[in-house]
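Accompanying notes for the structure given below.
The values are calculated or read from the model by the stated rules, or taken from the named source; none is laboratory data. None of these values were measured; they are calculated from a predicted model. Quick reminder, even Gly has a Cβ in these numbers, built from the backbone with ideal geometry, and neighbours come from all protein chains shown.
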Amino acid sequence: MTDSSQIVSSRLKIALVCDWFLPQIGGTEMHMHDLADRLSQGGHEVHVITPVPGSEEGEKYRIHRLNVSLLPYARCIYTRGAFKKIESILKKEAFDIVHCHCNIISPTSYGSLYLSQKLGIPAVATWDSILGPYRFGLAFLDWIFKWSRWPVLFSGVSEVVVRDVALLVTKREVCVLPNALNVLEWKVAPVARDPQELWIVSVMRLFRKKRGKALVALLPKVIKRLPANIRIKLKIIGEGPKREALENQIKRLGLEDIVELSGYRSRDEIRKIFSRADIYVQPTRWESFGIAALEARCAGLPVVAKVHGGVKGFIRAGREGFLARTDLELEDHLVRLILEPELRESIARNNRETEPPFDWQEVMKQHEAVYQKAMRIGNSTAR
């Protein structure tokens, strides 16, 4: 364990623990890769601990893939041997800080948090998901393990998530430790387009909770409210187990010429699509942060999303886009932006010319400050 004299050191040995990582593709996976990469560029020695199979080569940081049996479908660890492997890694590497990224089902992160306390290693726990009713399960685990009393720095990726976590760790500070992006990288120049044809775009995993089917079902209602001379296209970028169901729905509604399931696309490809698009829509009810919506906002697209999630941290009504409480409001906002080109262009101009406070340069400073504070908490308790 690090002693207090080492806390001032600018170079830390950091363990990033996550149940979901590359080569799986998703917002959490990409964020974990970017965080490890940025911390490494900042001079820290970074190790990723994950159960996800894949290569351990070719990165600026080291990846410890557990190579253990995973529960079918859930794809998470469950054996005593898996936790023994994590404990062995933590003992061998003697980390300054263990940073566990927690979703609702995260045995790797929760187990690593427990083991970090057992071994006396300072730790940070960041929740990447809105807990909602699942917090009662975590409250039950707290009754058993008393984890809310551990000398851990607790955090969430947005104010919405922090409010959930704060209900579990009463009388403890819970800070926001947000996702981030390279803002300049997502600034794209809009290309010339036919004013009578508008592209609506959404980036999502094709899972039930992302509500791709609800978005497709909304489209005929939107079209009925538009004049005949305006045509719209919807591009849904992403892959997942609900692709076939979406394809069937698109055929059933006769939207084959209007809706395109674009599949997985690289960041460069997404930026090119954003440069041609007019509106970004996020139909998910409870999105903990909304990194794809933030990328679209930085690219200059007006964003239409649900009000309940973390996206309201960077989208204000009439400024960067619109927030909806219901699907009917989502429909109304889309129709308004389609029918009012001056409003659409005003929001797009604002999004192109103003930068949100989620650039990696600033968020990296927040991470480093949180690590230093967690080390002070952990080491003062150990003494």
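A few remarks follow.
- Search result, residues across the range 332-357 that are among the polar types (S, T, N, Q) and in contact with a Pro (Cβ under 8 Å, 6 or more places away or on another chain): N351
- Long-range neighbours under 6 Å by Cβ, at least six apart or interchain, first residue assigned by TED's automatic domain parsing to the domain that holds V161 and more than 12 Å from I104 (Cβ to Cβ) within the range 131-145, second surrounded by 10 or more Cβ atoms within 10 Å (Cβ to Cβ) and among the polar types (S, T, N, Q): D142/S148
- Within the range 174-222, the set of residues being over 15 Å from the mean Cα position of the chain (by Cα), closer than 18 Å to Y280 by Cα and β-branched (V, I, T) comprises V183, V188, V191, I200, V201, V216, V222.
- Under the condition of being within 20 Å of I230 (Cα to Cα) and either hydrophobic (A, V, I, L, M, F, W, C) or assigned to a helix (DSSP H, G or I) (or both), the residues counted in the range 304-345 number 16.
- Selection count where residues are crowded, with 16+ Cβ neighbours inside 10 Å and modelled with pLDDT under 95, scope the range 366-383: 3
- Qualifying positions in the range 272-296 - surrounded by 17 or more Cβ atoms within 10 Å (Cβ to Cβ) and not in a loop (DSSP other than H, G, I, E, B): I273, F274, I279, Y280, V281, Q282, I291, A292, A293, L294, E295, A296
- The range 60-74, residues that are in a loop (DSSP other than H, G, I, E, B) and either within 19 Å of H101 (Cα to Cα) or without any contact (Cβ under 8 Å) to a residue 24 or more places away in the chain (or both): Y61, L66, N67, V68, S69, L71, P72, Y73, A74
- Some residue of the range 249-269 being surrounded by 23 or more Cβ atoms within 10 Å (Cβ to Cβ), acidic (D, E) and outside the structural domain of D164 (by TED's automatic domain parsing): no
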